[in-house]
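Just so it is clear, none of the values below were taken in a lab; they were calculated from the coordinates. These numbers were taken from a predicted model, which means no experiment stands behind them. Heads up, the Cβs are rebuilt from the backbone with ideal geometry, glycines too, and the neighbour counts pull from every protein chain shown.
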Amino acid sequence: MIIGVGIDVAEVDRFRASLERTPSLAQRLFLESELYLPSGEQRGFASLAARFAAKEALAKALGAPAGLHWTDAEVYVEESGQPRLRVTGTVERRAAELGVRGWHVSLSHDAGIASAVVIAEG
């Protein structure tokens with residue numbers, strides 16, 4: 001059963017400008033594992049914008065309640081290339097309230113736009 005669906009888009013250049021203007025923003029939005037590739041190299045702005053869009057889409061799928069912490073949701077990619085969500089804290093509690101048992105995530109970026117869709121499944 002689908003409990004919620006969220007979609008969001010982020011303009012990559014605008015997102016990059018926000019991160020450059022406020023360097024501490026990246027640490028408020030992302031976990032270290034989201035900021036860096038397994039090789040230790042920093043992720044590109046398009047990849048980060050897609051992850052941000054996924055967090056926004058996740059919030060929408062949960063009904064956009066106040067009090068969710070950005071770092072209580074981690075967007076990661078399995079070896080197969082499939083994006084996934086790992087939730088803890090405030091996000092995990094809200095998901096449990098709604099009966100969410102699983103997530104479906106799709107990320108994309110092209111032509112300067114990053115997008116994400118999140119489906120919360122019960």
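Modelled spin labels at Val77 and Leu37, positioned 7 Å past Cα toward Cβ, are 0.9 nm from each other.
Pairwise Cα distances in the chain exceed 21 Å in 34 percent of cases. Residues considered: Val100, Val77, Val87. Largest GNM mean-square fluctuation over the chain, using C-alpha springs under 10 Å, is found at Val77. Counting alpha carbon pairs within less than 8 Å and at least 6 residues apart, what relative contact order, in whole percent, applies to the stretch 8-66? Over the stretch 8-66, the number comes to 44 percent.
For the chain, the longest principal axis of the C-alpha atoms and the axis of helix 89-98 are separated by about 40°. Ellipticity at 222 nm from helices only: DSSP H runs of n ≥ 4 in the chain, each -39500 (n - 2.57), divided by the residue count, give -10500 deg cm²/dmol.
3J(HN,Hα) couplings calculated from phi for the stretch 37-54 with the Karplus curve 6.51 cos²θ - 1.76 cosθ + 1.60 (θ = phi - 60°) are, in sequence order, 6, x, 6, x, 6, 5, 5, x, 5, 5, 5, 5, 4, 5, 5, 4, 4, 5 Hz; Gly and Pro show x.
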